[in-house]
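In what follows, a structure is listed as structure tokens, so that the remarks can point back to it.
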Amino acid sequence: MKPAILVLHGPNLNLLGSREPEIYGRLTLAEIDREIKRHARARGVRVECRQSNHEGELIDALQSAGGKGFAAVVFNPGAFTHYSIALRDTVAAIPLPVVEVHLSNVHAREEFRRHSVIAPAARGQISGFGLQSYLLGIDAALGVLQSRRAAREAGR
């Protein structure tokens, strides 16, 4: 059975392509999702991409991901990165590995963007590579899943 990865996009990412293209590029969210799906298919992985501007919807998606058959999450929390303790606590509470991703290099931007409350609860963070951040996030999630599978098999 193919592993499944949930890709979550947070607030304002639905505006990609027109929102500050000098920072976020000119690709739309639909174009990014198509590339993510293409990349995942090439690796034998099923992905589902979702976007929400609402914190509670993102929390619900994270909490229900395992029950819906997802093995990992690639998550761009958008502005929630910097202050959503509720999302941080959800990432910490679920058993799935979560890879935090960002299109821009958050560490080279405004001071308030340099701190992620999500990162300490996530498996890792990838930022600054545009679309490639998501693709690297898929690969990182797959690597974590493969390591877990190998460790289980070694323990038999």
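The values are calculated or read from the model by the stated rules, or taken from the named source; none is laboratory data. For clarity, every value in this text was computed on a predicted model and none was experimentally measured. Reconstructed Cβ throughout: ideal geometry from the backbone, glycine too, with neighbour counts over all protein chains shown.
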Among residues of the range 7-48 being in contact with a Leu (Cβ under 8 Å, 6 or more places away or on another chain), part of a strand (DSSP E or B) and among the hydrophobic types (A, V, I, L, M, F, W, C), the residue farthest from ASP139 (Cα to Cα) is LEU8
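Any residue at all in the range 91-99 that's over 24 Å from PRO3 (Cα atoms) and under 15 Å from the mean Cα position of the chain (by Cα)?
In the first step, residues of the range 91-99 are kept if they are over 24 Å from PRO3 (Cα atoms); the result is none.
Among the residues of the range 91-99, not one is over 24 Å from PRO3 (Cα atoms) and under 15 Å from the mean Cα position of the chain (by Cα), which makes the answer no.
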For this session: Would you check if GLU153 is more than 22 Å from LEU15 (Cα to Cα) and modelled with pLDDT under 90?
Result: yes
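So which of PHE129, PHE80, PHE75 ends up being under 22 Å from ARG19 (Cβ atoms), part of a strand (DSSP E or B) and not aliphatic (A, V, I, L, M)? If you could, list the steps in order and put the result at the bottom.
Values: PHE129 fails: part of a strand (DSSP E or B); PHE80 fails: part of a strand (DSSP E or B).
Residue meeting the stated conditions: PHE75.
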The lone condition ASN12 fails out of (1) under 21 Å from VAL106 (Cα atoms); (2) crowded, with 16+ Cβ neighbours inside 10 Å; (3) not β-branched (Val, Ile, Thr) is (2)
Residue set VAL117, VAL106, VAL98; condition in contact with a His (Cβ under 9 Å, 6 or more places away or on another chain) and crowded, with 19+ Cβ neighbours inside 10 Å; output residue VAL106
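For ALA86, state whether it is surrounded by fewer than 21 Cβ atoms within 10 Å (Cβ to Cβ), not in a loop (DSSP other than H, G, I, E, B) and not polar (S, T, N, Q).
Details: surrounded by fewer than 21 Cβ atoms within 10 Å (Cβ to Cβ): yes; not in a loop (DSSP other than H, G, I, E, B): yes; not polar (S, T, N, Q): yes.
Yes.
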Per the list (1) in contact with a Ser or Thr (Cβ under 7 Å, 6 or more places away or on another chain); (2) under 13 Å from HIS9 (Cβ atoms), residue check on GLN51 breaks on (1)
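Let's see how each residue does on (1) in contact with a helix residue (DSSP H, G or I) (Cβ under 7 Å, 6 or more places away or on another chain); (2) not small (Gly, Ala, Ser):
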position: TYR24; (1), (2): no, yes
position: ILE32; (1), (2): yes, yes
position: GLU57; (1), (2): no, yes
position: ALA72; (1), (2): yes, no
